[in-house]
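Asks: Structure in structure tokens, see below.
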């Protein structure tokens, strides 16, 4: 399948959808406090999205029951919100999608609750720093596989490993489009596969594990943990390639 090249007016529509994602994530970060319940945070995120005239695009997507993925501690991605109330030392990941006038937004952050361990601080920093490092390296004409290798090498440099079998993705008039963008080199040749071009829009989302890269999906069919059973982290932005470089769309 061909990777879509977006016109400037389409990128503006993506920017509008993603700005709402950025605002929702800022709201949830500000309300990440001891005693806050995951279901209340999910409802807060959904209310904000709808108040901006958008739809929470994750709700019902592939059967997901909520609007915000709330991934707690050992859950790295796709966590289902529960009645659990946040406690000192928890790490919570929020992943949010929106649809506005037929265009989609998507981004994620990981947040510590109160005082967290040095290891958790390092895990969160690894996801965030990998994301921003990779975005800064994007150039028109480079290969997506080169980008995957850049992320893998950066994660390894921090002493962690990327979660396997899940990946970043294209985005536009569907929440998930071509290409798939793993956080590790799939195969041996980074100079193979499709090239990044001006007008492309896609999501990068480093998913960080401590020791094992093999994912396990829990009994609720959604929560994804590492085979090592240890805490992880996750960050994501939607970007568009404009004038040869990547511009982040998912900021408030």
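The values are calculated or read from the model by the stated rules, or taken from the named source; none is laboratory data. This is a predicted model, so every value here is computed, not measured. Virtual Cβ from ideal backbone geometry, glycine too; neighbours counted across all protein chains shown.
Asks: Can you tell me which residue within the range 166-175, out of those that are farther than 28 Å from residue 228 by Cα and under 15 Å from the mean Cα position of the chain (by Cα), is surrounded by the most Cβ atoms within 10 Å (Cβ to Cβ)?
Replies: Here the answer is 171.
Asks: Let me ask something else. Pull out all pairs, ordered by first then second residue, where Cβ-Cβ is under 6 Å, the residues are six or more apart or on different chains, the first lies in the range 141-165 and is surrounded by fewer than 19 Cβ atoms within 10 Å (Cβ to Cβ), and the second is in a strand (DSSP E or B).
Replies: 141/195; 143/195; 165/215
Asks: Out of 114, 97, 93, 89, which single residue is in contact (Cβ under 8 Å) with a residue 60 or more places away in the chain, under 23 Å from residue 37 (Cβ atoms) and out of contact with any strand residue (DSSP E or B) (no Cβ under 6 Å at 6 or more places or on another chain)?
Replies: Going through 114, 97, 93, 89 in turn, the sole match is 114.
Asks: Can you tell me which residues in the range 13-46 are loosely packed, with under 14 Cβ neighbours inside 10 Å and assigned to a helix (DSSP H, G or I)?
Replies: Matches in the range 13-46: 29, 30.
Asks: Of the numbered conditions (1) assigned to a helix (DSSP H, G or I); (2) touching a helix residue (DSSP H, G or I) at 6+ places or on another chain (Cβ under 8 Å), residue 172 fails exactly one; give the number of that condition.
Replies: (1)
Asks: Also: Among the numbered criteria (1) assigned to a loop (DSSP other than H, G, I, E, B); (2) at pLDDT 95 or above; (3) closer than 23 Å to residue 209 by Cα; (4) in contact with a helix residue (DSSP H, G or I) (Cβ under 9 Å, 6 or more places away or on another chain), which single criterion is violated by residue 187?
Replies: (2)
Asks: Another question about this same structure. Of all residues in the range 123-140 being over 17 Å from the mean Cα position of the chain (by Cα) and surrounded by fewer than 16 Cβ atoms within 10 Å (Cβ to Cβ), which is farthest from residue 204 (Cα to Cα)?
Replies: 139
Asks: Now a separate question. If I go through the range 194-235 residue by residue, how many of them are in contact with a helix residue (DSSP H, G or I) (Cβ under 7 Å, 6 or more places away or on another chain), surrounded by 20 or more Cβ atoms within 10 Å (Cβ to Cβ) and within 25 Å of residue 17 (Cβ to Cβ)?
Replies: Qualifying residue count for the region: 7.
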